[in-house]
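Heads up: the structure comes next, in structure tokens.
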Amino acid sequence: MLLRLVRRSFVAVRPLSTEAATAVKSTSLGGGTSSSTSLEGGTSITTSLKGGSSTTISTGGRDTLGKRLLSLIYAKRSAVIAIRKWKEEGHPVRKYELNRIVRELRRHKRYKHALEVCEWMRVQDDIQLLHGDYAVHLDLIAKVRGMNSAEKFFEDLPDKLKAQTTCTALLHNYVQHKNTAKAEALMEKMSECGFLKCALPYNHMLSLYISQGQLEKVPRLIQELKKNTSPDIVTYNLELAVCASQNDVEAAEKTFLELKKAKLDPDWITFSTLTNIYIKSSLKDKAKSTLREMEKRISRKVRAAYGSLLSLHTNLESKDEVLRIWKKMKSIFRKLNDAEYTCMISSLLKLDEFGEAMNLYTEWESVSVTRDSRISNLLLAADINKNEMEKAVDFHNRTVQKGVSPSYTTWELLTWGYLKQKEMGKVLEYFKKAVTSVSKWDPDAKMVQEMFHVVEEQGNVQVAEQLLVTLRHAKYGNTEIYNALLRTYAKAGKMPMIVAERMKKDNVKMDEETQKLITLTSKMTVTEVPSSIA
């Protein structure tokens, strides 16, 4: 929850200078999104983004440079070629228009094309760039080519361009990459140069410390901020995020009072955070009051706020309010995106409204073009948590027939479901699918431990061996796994073959328990060498 609050608070931060007439506005809800861009009004271009989401870009009926650049859907296509062709046709190319196009490209995460536009502007003799333009350029280099390239770009800038805006852009990227040491070193240099005259760099550092759990550094940094400049609404929202993590109602209310004394207008994030604090402290009346204030401050321009409203009303167990907000969202937005369906289905499931959740899933199924398995996994998990495996498998088969491709999480859920029922044949089947569905498996030690616990309990040597083979193919093995295998053989009263050789091949060391188990099982019934042993 703390990291989510930090991300919400930091959406409001503009890391780059307004001198360049650019700003980054991003909304992340953890699923597919759809958005629209208005340039000169008229026609629409629909493009597909990573993760299966769709983006509709309104570009205008007449031909414009913006329309051409925003139509370059594929990264391999060149923005520079499009600009050159536009000029060859006798059209003017204006800096303010290019800045606006860069802003829209960034908003749709088309960073490569945005960078190409910036690089083209930089070599034009008739275009005078401002500090903010270089800040945008640096940020795009970090996104497209990595931090090393961004640092070199900054180092190669003339000293006069190593100003507050470019330094802040570099700091922003250190924070994004969670490089605390470099961020702190840069803050020190910015202080020496007198660049810490606004709240933005401090807000970057606050978000870094909070996301890293270094809350002990927050008070000192806020004191330094107040000494050099004035906190802004983002600063106070980050302070409230800390209060939320510590469940400190008194500190939160003190921070909110200070915000009001500073004559700053609290935004929806402020009241969302306060509401969360009150809910966790069982102060329902106060939570309802701040939630009403939150709703007054949201509009279609801050779409992410509606998901937060749904979640908070759910936490207050206010089903009627959840349904009201959902109805309101449907009246405001022409089409709801995957993230919003995810939020509403999750809310209904938390409220034990399984039938309504399934109805809403069916609605999503009828309109979705993404077929995102993250949404179907919500219903699958609900059935598994209720120990209704037959129903879960039927639902899974339905989703596959409807074109939803199972993800790693899908197979993982089914593995856990059958593991709870100790049906180890099915466990092995779905675990193999989970491991082979990803290029590199991120080991789930808890799952592995539980699987071996059950096979050991059952003395199921065959499944234990097959499980070991699956783990070896996933390049995962350790002493405890081999010990679990040996304990399974001991439970079955059988002698395992060439265990020491296999451990040596896997570069797994024996411990005292391994030696004891090998000695114990060596006196048991001899088994054949499993055919699966490589």
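The values are calculated or read from the model by the stated rules, or taken from the named source; none is laboratory data. On a predicted model such as this, the values are computed, not experimentally measured, just so you know. A quick note on method: Cβ atoms are made from the backbone with ideal geometry, for glycine too, and the neighbour counts reach across all protein chains shown. With ligands, DNA and RNA removed, areas are computed over all heavy atoms of the protein, side chains included. Shrake-Rupley method; radii C 1.70, N 1.55, O 1.52, S 1.80 Å.
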How big is the Rg/Rh ratio for the stretch 317-405, C-alpha atoms only, Rh by Kirkwood, two decimals?
0.97
Quick check on the chain: helices-only [θ] at 222 nm, where DSSP H runs of length 4 and up contribute -39,500 (n - 2.57) each and the sum goes over total residues. Nearest 500, please.
-20000 deg cm²/dmol
For Met495, list long-range residues whose amide hydrogen, built 1.01 Å from N in the peptide plane, is under 5 Å from its own amide hydrogen.
Thr525, Val526, Thr527
Once the principal axes of the Cα atoms of the stretch 403-444 are found, what is the range along each, listed largest first in whole angstroms?
27, 27, 13
Simple spin-label estimate for Ser191 and Lys350 in nanometres, 7 Å along Cα-Cβ:
4.0
Report ³J(HN,Hα) in whole Hz for each residue of the stretch 317-324, in order, from the Karplus equation J = 6.51 cos²θ - 1.76 cosθ + 1.60 where θ = phi - 60°; Gly and Pro get x.
6, 9, 4, 4, 5, 4, 5, 5
Quantify, in whole percent, the carbon and sulfur part of the accessible surface of the stretch 199-353 (1.4 Å probe; protein heavy atoms only).
48
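Please identify every one of the GluC sites (Glu not before Pro) in the stretch 478-523 that sits in a loop by DSSP and has no more than 16 other beta carbons within 10 Å of its own beta carbon. Show your work: numbers first, answer last.
Details: sites: Glu480, Glu501, Glu512, Glu513; in loops: none.
Within the stretch 478-523, no GluC sites (Glu not before Pro) qualify (loop, at most 16 other Cβ atoms within 10 Å).
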Roughly how many nanometres apart are two label points built 7 Å out from the Cα toward the Cβ at Lys504 and Leu520?
2.4
Compute the relative contact order of the chain as a whole-number percentage, counting only Cα pairs closer than 8 Å that sit 6 or more residues apart in sequence.
9
Under 14 Å from a point 7 Å along the Cα-to-Cβ line of Lys284: which residues of the stretch 320-342 have their amide N that close?
320-321
In the chain the DSSP beta bridges are antiparallel at a rate, in percent to nearest 5, of 50
Through the Karplus equation 6.51 cos²θ - 1.76 cosθ + 1.60, θ set to phi - 60°, convert the phi angles of the stretch 468-474 into ³J(HN,Hα) values in whole Hz; use x for Gly and Pro.
4, 4, 4, 5, 5, 5, 7
Quote the FRET efficiency, to the nearest 0.05, computed for Gln128 versus Glu184 with a Förster distance R0 of 35 Å and r equal to the Cβ-Cβ distance.
0.55
Return one whole number: the accessible area per residue of the stretch 317-405 in Å², for a 1.4 Å probe.
49
Quick check: from the Cα gyration tensor, does the stretch 124-236 come out rounded (a/c under 1.5), prolate or oblate?
prolate
Part-to-part distance (alpha-carbon centres) for the stretch 133-189 and the stretch 480-518, which is given in Å
52
With label points built 7 Å along Cα→Cβ from the Cα atoms of Lys422 and Arg145, find their separation and express it in nm.
6.1
Quick check: Cα centre of the stretch 85-115 to Cα centre of the stretch 349-381, how many Å?
39
Computed ³J(HN,Hα) along the stretch 251-262: with the Karplus parameters 6.51/-1.76/1.60, θ = phi - 60°, integer Hz and x for glycine or proline, the list is 5, 5, 5, 5, 5, 5, 5, 5, 4, 5, 5, 6
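With r defined as the distance between the Cβ atoms of Glu89 and Arg324 and R0 fixed at 60 Å, what FRET efficiency is calculated, to the nearest 0.05?
On the way: r = 53 Å, r/R0 = 0.88.
Using R0 = 60 Å, I get an efficiency of 0.70.
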To make sure I understand the rule: partners must be lysines, Cα under 20 Å from the Cα of Lys335, and not fewer than 8 residues away in the same chain. Which ones qualify?
Lys50, Lys301, Lys327
Considering the zone a paramagnetic label at Thr479 would reach in this model (a point 7 Å from Cα along the Cα-to-Cβ line), which residues of the stretch 489-516 have amide N under 11 Å from it?
508-515
